[in-house]
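What follows is calculated from the coordinates using simple rules that are stated; it is not laboratory data. The structure displayed is predicted, hence computed values, not measured ones. We place every Cβ from the backbone using ideal geometry, glycine too, and count neighbours over all the protein chains shown.
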Ligand code: URA
């Protein structure tokens, strides 16, 4: 078999066989296929797509490219959630402790920020001392003992995805439905969960810009998971505007803590309790609405926040930061962004806001870049709010004052003030 022929076949709209897909992923994993041929095939897939059969074979090949996790030593039902990525999306930091506080086991592997989107692992590393790398034995022992652990992916876990993802990120091939489905579900199937809730983001700040595309992606991933014996559901949630008010690592952890204290933004709280409710429901704890009621109770009685504290302590993090978020390191500089006109905030383009936060130092431009954990944006207005000319609509935070001009320009260019916009749904649909 030759990689050249596989690229040519897909370029011309052909359907790749299981063997051709296995050859490709094998070569990605052992390093025998050069980056330019991997990138060329990703681009051909981007333009020509894949059938459901090809996408399933690609997913299983990614799953089988490395070690699989064995959670059989964990007693009880194991549930996971996965977001397709967004801006201000700190839901895992809220949802995982809620669900674990109600007795469902959460053994979670999360990713780092990617492009304009943030990542749970970077956020957790904003907590002094928090270890995002645990040995398999430590990971399993912690889940068994306190019901929850969140770690980054080890080198041996779905290594083909790691390589593919890094290349897709720099070759403009991230937003391809079969490539996203195989990337997410390949990793989910290599872990050993009983139930999976997918948070498929839709809108400018997500990789799927239209609700229709997001639904199709959700359907595909739910079907792949169900075929592999998992209990699955996907929520299509709004990512046209940032979720909550905070964008940037420690700012988002602080907002997650506020949410677990019952003082979080309405949109974030709503999305989190809905995701948690569906996870609980898949884990046999009643209907989704009963699950949502349980999730709200876990916030109200403080048990979800206590679970987050337990996890932070178990993974070496400084729990004093969770109990008193004013202790988080503050950025050295800040700048207010003022409304250029009076009216209603009718657009706050999530992708551009994510890029603005990146420019402040909250994310990476290359894999080697260091993150400024205190950098980011605190919004003071959400879409639909009334604003007065000259009023601050956001505060920018950074240790690098030279980054403010570009970040402010990006944010203002992506902000529109005008007539009061119609309300948009937070959850567009449920698939599965
Ligand atoms: N998240 C992933 O893990 N993979 C993708 O391709 C997109 C979002």
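See the values below:
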quantity: The stretch 28-47 residues near the modelled residue 12 label - backbone nitrogen below 17 Å, point 7 Å along Cα→Cβ; calculated: 41, 44-45
quantity: Net length gained if the chain between residue 323 and residue 368 were fully extended (0.36 nm per residue, minus Cα distance); calculated: 13.0 nm
quantity: Mean shadow area of the stretch 330-418, taken as a quarter of the surface of its Cα convex hull (nm²); calculated: 5.3
quantity: Added length on full extension, which subtracts the Cα-Cα distance from 0.36 nm per residue, residue 330 to residue 19; calculated: 106.7 nm
quantity: Over the stretch 262-341: Rg over Rh, Cα atoms, Kirkwood Rh; calculated: 1.12
quantity: Sorted peptide list for 355-361, 259-265, criterion being average Cβ within 10 angstrom, highest first; calculated: 355-361, 259-265
quantity: Residue of 252, 212, 20 that the Gaussian network model of the chain assigns the largest fluctuation, springs spanning Cα pairs under 10 Å; calculated: 212
quantity: Amide N of the stretch 82-110 lying under 19 Å from the label point, which is placed 7 angstrom from the Cα of residue 290 along Cα→Cβ; calculated: 99-105
quantity: Translational diffusion coefficient (Stokes-Einstein; Kirkwood radius from C-alpha pairs) of the stretch 60-217 at 10 °C, 1.306 mPa s, in µm²/s; calculated: 98
quantity: Pair residue 170, residue 385: separation of 7 Å Cα→Cβ label points (nm); calculated: 3.9
quantity: Relative compactness, the stretch 3-49, computed as alpha-carbon Rg over 2.2 N^0.38 Å; calculated: 1.03
quantity: Footprinting exposure proxy for 4, 344, 46 (fewest neighbouring C-beta atoms within 10 Å first); calculated: 4, 344, 46
quantity: Order of 287, 415 under a 10 Å beta carbon neighbour criterion, fewest first; calculated: 287, 415
quantity: Paramagnetic label zone (point 7 Å from Cα along Cα-to-C-beta, residue 4; backbone N under 13 Å) in the stretch 43-59; calculated: none
quantity: Residue with peak Gaussian network fluctuation, the chain [Cα springs, cutoff 10 Å], from 89, 80, 64; calculated: 64
quantity: In nm, spacing of pseudo-spin labels at residue 306 and residue 36 (7 Å Cα→C-beta vector); calculated: 6.1
quantity: Potential lengthening between residue 430 and residue 263 on full extension [0.36 nm per residue; Cα-Cα distance subtracted]; calculated: 57.5 nm
quantity: Ranked 335, 75, criterion: other C-beta atoms within 10 Å, fewest first; calculated: 75, 335
quantity: Hydrodynamic radius by Kirkwood, which averages 1/r over all alpha carbon pairs of the chain, in angstrom; calculated: 22.0
quantity: Listed peptides 387-395, 116-124 by packing density, highest first (mean Cβ within 10 Å); calculated: 116-124, 387-395
quantity: Sites residue 409 and residue 69 - FRET efficiency at Förster radius 51 Å, r taken between beta-carbons, to 0.05; calculated: 0.70
quantity: Mean Cβ neighbour count within 10 Å, used as a protection proxy, ranking 420-426, 92-98 highest first; calculated: 92-98, 420-426
